[in-house]
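Engineer: Here it is, the structure in full.
No value in this document is a laboratory result; all are computed from the given coordinates. Because the structure is a prediction, the values reported are computed rather than measured.
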Amino acid sequence: MAAFVIKAVGRATLRRSPFPTRPANLTRGNHTRNHTKSPPTKADENAANGTSIPVANTVANVPIWHRLGPLSRGFQAYARSQRKHPLKTQFFSALVIFSLGDLSAQSINGDEYSPARTLRALVIGAGAAIPSYKWFMFLGNHFNYSSKVMSLATKVVVNQALFTPVNNTYFFGMQAFLSGDSMEQVLERIKRTVPTSVINSLKLWPAVTAFSFTFIDAQYRSIFAGVIAIGWQTYLSYLNRKAEVEEALESASESASESGGREEMRSERTQKLGV
């Protein structure tokens, strides 16, 4: 009997696990600690208040005209009008640009204000508005190559080689035609002004075109070019007025020389008759 008891106790000792069991209270404590919320950090508080600091590479690129305060509303209104009524917006924009350019040119020349000149500028601007818009839309949708540099250079060259001479010829030719000049005088005005204006445009418009197609959104290109065009139209109006004055002086000198020649012929005839 004693031997049986000793064997049973030995088997129970062998079946017991060699590793001590973890206390129940420690297990519960760990479980509680794992589910305890950590205190909120300052970043969490900023996010809740809407004042979180943006992380690098997550800030959207905002155009500069969206950061001009009250002026931004004007740009945005113009963009909405451009999207809804592009032709109407371009038409009235051209009227404003050409009229401001003419007013500026008249003030620079120092002449007395001429409403007829402003009216001519408005008519010319109305005729140029839609074709100019269509041209720049065509230019933006074409000549787009894999190389951005090649695309930009092609747009600048095509615009300078085609649009600038045609646009300047239209401007100066219409100025002379609406002033009542004959076709011969219109051609003379074009010969006198267009080459000079095209050469001087190389100092401005290639840089404007490159900047516009690189940094300006499509809906804002027209108003950006329009602001630059006010100064350009001032120059064109000034150049046109200069040509008008030169032509008037040449016509006056020719008339004077012709009248002087007639007087000489009369005096010669008188002398012959007297003899």
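Engineer: In Å and from the alpha-carbon atoms only, list the Rg and Dmax of segment 81-265.
Structural biologist: Rg and Dmax of segment 81-265, Cα atoms, are 19.2, 74 Å.
Engineer: Largest first and to the nearest Å, give the Cα extent of segment 62-171 along each principal axis.
Structural biologist: 53, 38, 26
Engineer: For segment 81-265, how many pairs of lysine residues have a Cα-Cα distance under 25 Å, where the two are 8 or more positions apart or belong to different chains?
Structural biologist: Going through segment 81-265 pair by pair, I get 10.
Engineer: Follow-up question, since we're still on this one. Sort out for me the Cα centre separation of segment 155-191 from segment 76-141, rounded to whole Å.
Structural biologist: So the two Cα centres are separated by 17 Å.
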